[in-house]
Structures are given as structure tokens and as C-alpha cells.
Amino acid sequence: MDKDNVEPLENLLDEVRDIDGFPIANDEDILELSDPPYYTACPNPYIKDFIEEHGKPYDPENDDYERKPFVGDVSEGKNDPIYMLHSYPTKVPPRAIEKYIEHYTNYNDIVFDGFSGTGMTGVAANRIDRKCILNDLSPLASFISYNINVSVDNTKFNKEANKILNEVKEELGWMFKTKHRANIKPRANQPLFDNKLQKGEVQYIVWSHIYICSYCEREHILWNHGLDKNGKLQDEYECPHCDAIIDRKNVKKAIVSFYDTSIGKNVEHVKQTPVLINYEYKGNRYEKEPDEYDLEIINKINEMEVPYWYPSDLIMKKGENWGDTWRSGYHLGITNVHHFYTKRNIWILASVRDKIDKIKFTRVKNYLLNWFTAGQSRLHRMNRYMKQHNRHVGPLSGTLYISPFQAEISPFYFLNVKLSKYNNVIINNTNTAVSNQSSSDLINIPDNSIDYIFIDPPFGDNLMYSELNFIIESWVKINENIKNEAIINKSQNKDLEEYTNLMHKSFKELYRILKPNRWITIEFHNSKASVWNGIQEALNRAGFIIAQVSVLDKKKGTVKQLYSPGAVKNDLVISAYKPKKEFEEKFLRNDGKGMEVDFVKQQLEHLPISTNIERTEKMLYSKMLAHYVENGFKIKYNASNFYNLLHDNFIERDGYWFMEEQAEEYGNWKSSLKLDELEDIKKGNQVMFVIDEKSALTWIYNFLDEPKEYSEIYTNYEQIATRTDDEIPELRELLDNNFVIEDGKYRRPQTKQERTKIEQNREKELDRAWKELLSRAKNGRRKIKNVRKEAMIHGFTKYYQEENYEDIITVADRLYTSTLESSGDILDFVDIARMKLEG
């Protein structure tokens with residue numbers, strides 16, 4: 001796109017203003033920060049032009065794209081200079097993403113990341129000559145994405161950055177000066193020198209909270225009395241005044257009250273005092289206790305007014321109790337952004353910000369602002385000092401925690417450190433477009449236009465992104481619109497249901513823009529079964545079909561197939577695809593009639609030739625059932641008939657199903673495996689935990705790669721069993737009813753007759769359990785809490801086939817919301833049943 005010939009963003013703002021995620025900001029600030037057409041600090045109206053210029057229209061008649069899920073070595077590359085450029089709550093190293101993009105795409109294909117964070121997907125795509133569209137709900141994230149993916153003149157940037165630092169240091173350098181005395185011992189065996197009083201450059205100052213003894217009511221400095229001889233905080237220590245034993249967890253904090261001119265009212269903060277100064281003098285580093293000169297500087301600063309603008313917004317626009325990261329013990333009186341800084345640091349930062357504002361060149365100006373925001377990671381009061389390590393250790397990850405010992409780092413020192421990192425990175429491409437909006441509404445991206453999607457989305461309540469980003473976003477004057485933030489957050493009144501719904505909306509949009517027969521990769525970090533389940537259901541309901549779940553082995557740098565479902569003890573990689581267009585059109589045209597075999601073929605075509613869990617009978621039936629119900633089509637097959645369909649049309653090997661041409665390939669794959677690789681496959685089932693009856697049976701099936709006694713099965717099963725509201729039968733019952741016992745050991749069913757008999761008995765058992773549930777729903781008055789979900793899905797399937805929608809709704813109305821929402825299968829049946837009755 002030609003930057004000089006695009007329509008001004010000012011003329012297009014109203015076209016994108018109603019898109020989900022339009023940020024909270026003045027139009028002037030959005031226009032000031034934007035660099036169209038590559039980046040807009042709002043939904044990007046130029047993306048369609050980007051796709052028209054760089055994309056290849058989807059042509060179903062000539063489309064020969066075929067890929068299997070990626071499994072291979074992945075290099076993390078966390079020491080990559082561009083990865084280290086700017087901190088952010090989470091990010092995936094670009095080298096870890098490159099392999100996926102290379103596997104799933106061709107030269108110049110368009111890659112999309114709807115939860116881009118700092119834009120590492122763009123970095124990875126550009127390195128291997130792909131185009132990329134990056135999007136994030138966070139204004140900070142999209143701003144960083146733009147700055148590390150769009151070309152910048154490093155010479156101009158470096159010149160302006162050094163000029164700004166020199167000007168600010170000339171103006172305010174006195175704030176970080178301290179007197180050097182010869183009787184101060186140098187650190188790290190550095191030499192002593194003359195007796196003259198000289199001024200050193202302060203690198204950082206350690207501050208300590210002041211506490212009040214509960215017995216004598218006198219103040220004491222925690223640094224001086226609360227640490228043991230090794231520098232660690234003690235749970236109990238003696239009061240220096242009355243010798244009473246103080247319990248640190250229950251001690252009172254001293255409070256200081258002052259008039260805050262920034263917000264025009266009195267505020268109360270925890271009282272603190274400087275206790276240690278680390279400084280540099282003639283190239284050597286020293287430490288000393290603050291003296292009168294140092295205290296005089298602090299007092300002088302406190303008596304003066306900062307002459308520059310700086311953010312003083314209410315945190316999350318709420319003040320106290322501003323979010324799930326707020327804690328009364330840590331954030332007493334912390335109601336506004338500037339309260340997270342010392343006055344000295346916010347003054348210097350405000351001066352730097354003011355000088356950046358005066359830069360004329362937009363690209364250089366924004367890169368300077370990116371450098372400025374990157375420096376924030378250690379320039380606020382959340383930077384901790386740990387005396388046992390004799391150094392500052394940075395903020396506590398994923399929180400807004402304010403430690404009782406804070407390191408106030410000199411901005412002159414730290415911004416220089418950051419500047420050296422920026423000078424090591426060269427950014428030279430225009431193959432990326434960046435947008436700031438919610439992935440739940442991608443109306444500015446056409447249907448079937450994206451070649452591959454890689455995302456690392458927020459998972460449940462892992463991290464409170466909008467709260468963690470709010471402080472720095474306030475410096476760029478644009479804040480996140482949290483209405484569509486996919487998160488579990490009490491302050492936002494978002495529970496698992498709301499989170500799952502928002503992820504479902506996003507996945508529907510991702511499904512729409514992705515070309516048919518193409519892939520989406522989702523990296524997953526959450527360790528909660530409920531969130532894992534919600535992500536899978538949101539994906540399935542959006543139309544994607546999960547082909548593989550892999551374990552990302554960070555120690556070995558490999559992605560291995562997961563041989564059992566539901567594992568979330570490691571980082572996982574979900575591979576899913578959008579069905580082929582011709583299949584979808586035929587499926588919809590025929591209302592799914594006679595398409596069951598075609599559905600299974602399509603799924604098997606997208607699976608790797610291996611012992612992939614998705615090739616098992618239960619997973620294939622579950623996928624087919626979900627696809628039919630999601631579209632509201634008639635279900636012809638029950639479980640028993642479906643298994644017969646598999647036997648009549650496909651080939652079974654080791655409990656996994658293949659098309660005829662795949663069976664021989666599987667045999668060759670298996671014979672090529674080394675002994676340790678075979679053992680890895682067997683160990684695969686150990687990483688998974690049971691979240692429902694289906695996953696329990698799947699785990700048992702995989703565990704019984706050879707006959708085993710009950711005691712061995714029980715010991716391993718207990719390690720992965722997870723508490724759930726699903727009434728899963730006892731292990732012994734699951735084994736007796738679904739497997740074959742022979743010579744005192746349980747084994748898999750091996751013949752069609754064994755499978756058929758087991759499935760018929762299971763169907764009778766589920767039918768009985770369903771009728772009991774239906775009777776409870778019809779005759780009882782209270783909500784039904786514990787339900788055997790497999791029996792309910794069995795009953796819903798049967799009554800759906802018989803068009804008995806009334807009884808489906810009868811049962812659904814008696815269930816708790818959490819039970820209904822725990823499974824996409826259940827929700828699909830209920831939604832369709834309500835629609836049929838209403839329509």
C-alpha cells in the first residue's frame with residue numbers, strides 16, 4: 001500500500017467506530033498515534049486494501065492445498081533481540097512460531113493473529129516472507145506490534161533518543177545525584193580513592209515501608225528490623241522500642257497523608273523512607289545509606305510542581321477496588337496511575353514524554369514512544385528489591401504488586417539500557433498491517449481471505465491483561481475497551497460462561513475469515529480443566545474441527561502428539577481446520593443426509609498418520625455428532641451403528657481408524673519407530689486428566705495398549721482423575737462394562753463381535769440412566785445437580801432423532817446453568833430443540 005495515497009484516517013473513523021473493541025480515547029489521540037495504512041490505534045479500515053494487494057483469492061475449483069498437523073522441533077529463541085525489546089504479560093518467541101507458519105503456508109501467504117500481543121507472529125511471518133495481519137484488543141499490544149513490525153529509520157531514532165536524554169539530564173539530572181564519600185566501601189572489591197567530596201550518579205534507591213508496633217504504637221523501619229542475617233523477611237521479629245514480638249502478617253503500616261495536586265484532594269499512602277543508595281562514581285559502583293543531601297533532594301522535589309503532563313487517570317476508571325489485581329494490603333491509597341511512581345521518576349518521564357511529543361516524523365516519534373513505554377518495566381514502584389540477593393529483581397510477573405522494599409531506578413540509567421537494546425534491532429519491512437479491535441468483530445476482514453491463523457489467546461483468569469496494561473496505556477492516552485475482553489474476572493462480572501461465549505464469538509469470526517481447508521493453531525497455557533473444556537467447545541461450536549492436540553516440550557524444544565485428550569499440565573498446541581468448501585456446501589445442501597462417511601473421510605485426511613487420539617471411534621463419533629447437531633440436521637446413526645459404519649468403510653489398526661491408502665502408511669510409520677519413541681507414545685497418556693466419562697474411557701483405552709491388572713490401572717487412573725460434577729461411574733464399573741477381562745487382566749475389545757456386544761450393553765445402560773434422569777426432571781421440583789452427562793447426551797441424541805424436543809427441554813430446564821454450559825454437545829442439543837419448538 002502506498003502510504004501517501006491512502007484516504008486520511010480522519011475521514012474513515014466513523015466507518016469503524018461501532019466495531020467491537022474501538023478503544024477508549026479522544027479521536028485526536030487516536031489520529032496522533034496512528035500511522036496509516038500500516039497501523040491505526042483503532043479498528044484498521046485499510047485491511048481490505050492490504051488483502052486485495054497481497055492476498056490470493058480463494059478458488060475452490062483449483063485449490064490443491066493439503067497439510068497435516070505440524071509435529072516437529074521448535075526453537076524457542078527467548079534470547080532473540082526483538083523478543084527482548086519490550087516486556088508484556090505473555091508472548092511466544094518468534095522462532096517458535098516460524099516452524100508453524102512455514103509448515104502451514106506458502107510463500108507470500110497472509111497470516112493472521114487476532115490476539116497478537118507484542119506481534120511475534122508478525123516477526124516470524126516476515127522472516128520467512130509471509131504477509132501478516134496483527135490485531136489485539138489492547139491499545140498497548142497493537143502499538144508494540146506495529147513498532148516491531150513496520151520499518152523505521154534507526155539512525156534518526158537513535159539521534160533523537162540521545163538528544164532527548166541529554167536535554168532531560170541537563171534539566172533534571174540533579175535529581176539523581178548523590179555525594180560520594182571516601183569512607184564508603186566500594187562494591188565487588190573496587191578500589192578506595194581520595195577524600196574529596198564528589199557527586200556520583202545514582203543508579204537506584206531502595207525504599208522501605210515503615211510499620212507500627214501493635215504494642216507500643218511506635219514506628220520502625222522494616223528494612224532495619226524485619227530482616228534476618230541473610231537479608232530475608234522474617235515472619236516474626238522484635239520491636240526495636242519495646243522488644244515485643246511482632247507478627248509481620250498482622251502488623252500495622254504507618255500512613256502518611258498529603259494533598260495530591262494532580263487530582264485536587266488529600267490521599268493516604270503507606271509511609272516509607274529511603275534506606276539504600278546504589279550509585280556510580282568514576283566508573284565504579286558503590287552503596288551507602290542516604291544522608292542529609294539525599295533527603296534534601298527528595299524534600300525539594302516534593303515541594304515543587306511537575307511542569308509537564310503525566311497520566312493521573314483513575315485506575316480502570318474506578319479508583320479503589322479497581323480490578324481483580326487490587327489488594328487492600330498492597331494498594332492502600334493507590335487510586336490513580338501516577339501513584340505507581342515516585343514523584344522524581346514521574347517528573348523525568350513526563351519530561352521525556354513531552355519532548356517525544358515535539359518530534360515531527362510520525363514513524364520515528366512512535367518508535368521513540370515505544371522505547372519510552374518499554375522503559376516503564378523498571379521505572380515504577382512495583383520494582384522489587386531483595387536484600388538476600390543484594391539487587392533489584394523487577395516486578396512480580398502478572399500482578400500489580402507493590403513490595404515493602406521498592407527499588408527506584410534512575411530513568412537516565414534504565415532508558416539508556418533500553419536504548420542499547422533498540423540499537424541492536426533492525427526493522428525493515430512493510431508486509432504487516434496492524435489493527436486495534438476485538439477479534440469478536442472482524443467485519444473489516446473479508447470472508448475466506450486468510451491463509452493461516454496462529455493465536456495465543458487469553459485463557460480464563462490466568463492474567464488480567466487490561467489491568468496490567470492500563471498504566472502504560474495511560475501514557476499513550478488510549479485505553480482498552482474491556483467490554484469484549486475474553487477473561488474470567490469478578491470485577492468485570494465475567495465468569496466461565498461469559499469467557500466461553502466471548503471466545504466462541506471470536507472463533508466464529510476467525511472461522512469466517514479463514515480460507516476453507518486451512519488451519520488455525522492455538523497455543524494453550526491454562527491448567528484448569530474447565531477453561532480447557534470451554535476453549536474446545538468454543539472452537540467446535542464455531543465450526544472448526546480439532547485434528548490434534550500436541551504437547552509443547554519447552555525443555556527439548558519439540559512438539560509431540562498428545563496421545564490422550566484433555567491434558568493441560570504442559571503448554572499445549574491445538575491444531576484445528578476449517579472444512580473444505582465443497583464438503584460444507586454439499587453437507588448443507590443435503591442436510592447432512594448420506595454424508596457420514598464423507599465427514600469421517602475428511603477428518604481422517606486431516607490427521608497425521610500415527611496413533612492420534614482423534615482416530616479413535618469415540619472421538620470420530622463425537623465430532624460427527626457435534627457437526628450434525630450444530631447445523632440442526634437429522635442424526636441417522638447411534639453409537640453402535642456408527643461403529644458398524646466404520647467397520648464397513650474404513651480400516652482399523654491398534655484401535656485407530658484409517659482410510660485404505662492410509663493403513664499401509666501407518667504400518668510403515670510404526671515399523672520405523674525406535675524403542676524409545678514407542679515408549680514416548682505409551683507415556684503420552686500420563687499427561688492427561690479425566691474431565692468426563694468420555695475422556696475417562698479414552699484414557700483407559702490408551703492405557704490398555706497391552707492387558708493390565710486392575711491395581712495398575714487404578715494407581716495410574718487416580719493420578720489423572722479430576723473432580724467434576726459429571727457422575728462418572730466407578731473405575732471398576734467402567735472397566736467391566738467397556739472392556740474385556742481375560743486371565744485376570746483387562747484388555748481392549750479386539751473383534752467386531754466384542755465391540756458390538758460391549759456397545760449394545762453400554763447403550764442399554766445409558767438408556768436406563770437417561771430414563772431415570774428424565775423421570776427426575778418430570779416428577780421433581782428442585783434443580784438437578786449431579787448428572788451423568790454421557791447418559792444425558794445419549795438421551796438427547798435419541799430424542800433428537802425422534803424429534804421429541806419437548807423432553808429435551810424438560811430436562812434442560814431442570815439443570816443448573818453450569819451443567820448446561822459444561823459441554824458444547826449439551827448446549828447444541830438444547831439450542832436446536834428450543835429453536836425447533838419456537839419455529
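The values are calculated or read from the model by the stated rules, or taken from the named source; none is laboratory data. What you see is a predicted model, and the numbers here were worked out from it, not measured in a lab. We place every Cβ from the backbone using ideal geometry, glycine too, and count neighbours over all the protein chains shown. The accessibility values were calculated without ligands, DNA or RNA, using every heavy atom of the protein model including side chains. Shrake-Rupley method; radii C 1.70, N 1.55, O 1.52, S 1.80 Å.
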Cross-chain or 6+ apart pairs with Cβ under 8 Å, region 714-730 first and in a helix (DSSP H, G or I), then modelled with pLDDT of 85 or more and β-branched (Val, Ile, Thr): TYR717/ILE700
Selection status of TRP371, touching a residue at least 12 places away in the same chain (Cβ under 8 Å) and surrounded by fewer than 21 Cβ atoms within 10 Å (Cβ to Cβ): no
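Residues are listed down the side, and each one gets a yes or a no for (1) open to solvent by 10 Å² or more (accessible area, probe 1.4 Å); (2) modelled with pLDDT of 75 or more; (3) assigned to a helix (DSSP H, G or I):
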{"residue": "ALA538", "(1), (2), (3)": "no, yes, yes"}
{"residue": "TYR563", "(1), (2), (3)": "yes, no, no"}
{"residue": "GLY566", "(1), (2), (3)": "no, no, no"}
{"residue": "LYS569", "(1), (2), (3)": "yes, no, no"}
{"residue": "VAL573", "(1), (2), (3)": "no, yes, no"}
Matching residues in region 575-595 - criterion: being farther than 18 Å from VAL531 by Cβ and either at pLDDT below 75 or assigned to a strand (DSSP E or B) (or both): SER575, TYR577
Region 524-533: number of residues that are open to solvent by 10 Å² or more (accessible area, probe 1.4 Å) and either modelled with pLDDT of 75 or more or not in a loop (DSSP other than H, G, I, E, B) (or both): 3
Scope region 220-257; condition under 24 Å from ILE334 (Cα atoms), in a strand (DSSP E or B) and in contact with a Cys (Cβ under 8 Å, 6 or more places away or on another chain); matching residues: HIS220
Options GLU485, GLU473, GLU480: the member that is touching a Ser or Thr at 6+ places or on another chain (Cβ under 6 Å), surrounded by 24 or more Cβ atoms within 10 Å (Cβ to Cβ), over 30 Å from GLU585 (Cβ atoms) and of a type in the set (Asp, Glu): GLU480
Unmet criterion (only one of (1) under 30 Å from ARG814 (Cβ atoms); (2) modelled with pLDDT under 90; (3) surrounded by fewer than 17 Cβ atoms within 10 Å (Cβ to Cβ)) for GLU718: (1)
Counted residues, region 134-152 - those being of a type in the set (A, V, I, L, M), open to solvent by less than 10 Å² (accessible area, probe 1.4 Å) and under 19 Å from ALA486 (Cβ atoms): 3
Test: residue in region 52-61 that is free of Cβ contacts under 8 Å to residues at least 40 places away in the same chain, surrounded by 19 or more Cβ atoms within 10 Å (Cβ to Cβ) and among the acidic types (Asp, Glu): no
Only one of ILE445, ILE427 that is among the aliphatic types (A, V, I, L, M), surrounded by fewer than 21 Cβ atoms within 10 Å (Cβ to Cβ) and in a loop (DSSP other than H, G, I, E, B): ILE427
Per-region count, region 289-307, residues open to solvent by 50 Å² or more (accessible area, probe 1.4 Å), in a loop (DSSP other than H, G, I, E, B) and not hydrophobic (A, V, I, L, M, F, W, C): 3
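For region 380-387, state whether one or more residues are of a type outside the set (Gly, Ala, Ser) and either in contact with a Lys or Arg (Cβ under 6 Å, 6 or more places away or on another chain) or closer than 15 Å to LEU165 by Cα (or both).
no
Taking into account only those residues within region 327-368 that are β-branched (Val, Ile, Thr) and part of a loop (DSSP other than H, G, I, E, B), which is surrounded by the fewest Cβ atoms within 10 Å (Cβ to Cβ)?
Result: ILE359.
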Matching residues in region 306-331 - criterion: being farther than 17 Å from ILE471 by Cα and at pLDDT below 95: SER328, GLY329
Of all residues making up region 411-452, the number that are in contact with a Gly (Cβ under 6 Å, 6 or more places away or on another chain) and not hydroxyl-bearing (Ser, Thr, Tyr): 4
Single match in PRO45, PRO89 (criterion: at pLDDT 95 or above, of a type outside the set (Val, Ile, Thr), assigned to a loop (DSSP other than H, G, I, E, B) and buried (at least 16 other Cβ atoms within 10 Å of the Cβ)): PRO45
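Criterion first (farther than 22 Å from ILE402 by Cα and in contact with a Phe, Trp or Tyr (Cβ under 6 Å, 6 or more places away or on another chain)) does VAL306 satisfy it?
Values: farther than 22 Å from ILE402 by Cα: yes; in contact with a Phe, Trp or Tyr (Cβ under 6 Å, 6 or more places away or on another chain): yes.
When the stated conditions are applied, VAL306 passes them.
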Test: residue in region 743-750 that is in a helix (DSSP H, G or I) and open to solvent by 50 Å² or more (accessible area, probe 1.4 Å): no
All positions within region 369-399 that are modelled with pLDDT of 90 or more, among the aliphatic types (A, V, I, L, M) and in a loop (DSSP other than H, G, I, E, B): LEU379, MET382
Given (1) under 26 Å from the mean Cα position of the chain (by Cα); (2) more than 22 Å from LEU419 (Cα to Cα); (3) open to solvent by less than 10 Å² (accessible area, probe 1.4 Å), index of the condition ASP324 fails: (3)
Qualifying positions in region 608-645 - part of a helix (DSSP H, G or I), open to solvent by less than 30 Å² (accessible area, probe 1.4 Å) and polar (S, T, N, Q): SER622, SER640
Among the candidates CYS216, CYS242, residue that is touching a Phe, Trp or Tyr at 6+ places or on another chain (Cβ under 9 Å), open to solvent by less than 90 Å² (accessible area, probe 1.4 Å) and more than 17 Å from TYR385 (Cβ to Cβ): CYS242
Residue pairs meeting the criteria (Cβ under 6 Å; at least 6 apart or on separate chains; first farther than 16 Å from LYS634 by Cβ, in region 585-605; second among the aliphatic types (A, V, I, L, M) and assigned to a helix (DSSP H, G or I)): VAL600/LEU620
Pair list, Cβ < 6 Å and 6+ apart or interchain, from region 101-130 residues that are farther than 16 Å from TYR39 by Cβ to residues that are of a type in the set (Phe, Trp, Tyr) and outside any loop (DSSP other than H, G, I, E, B): TYR104/TYR452; TYR104/TRP519; THR105/TYR452; VAL111/TYR452
Filter result for the condition that a residue is under 38 Å from the mean Cα position of the chain (by Cα), farther than 27 Å from LEU314 by Cβ, open to solvent by 40 Å² or more (accessible area, probe 1.4 Å) and of a type in the set (Lys, Arg), over LYS249, LYS282: LYS249
Of residues in region 375-423 being of a type in the set (Lys, Arg) and free of Cβ contacts under 8 Å to residues at least 40 places away in the same chain, the one surrounded by the fewest Cβ atoms within 10 Å (Cβ to Cβ): ARG391
Test result for ALA791, open to solvent by less than 20 Å² (accessible area, probe 1.4 Å), hydrophobic (A, V, I, L, M, F, W, C) and under 35 Å from the mean Cα position of the chain (by Cα): yes
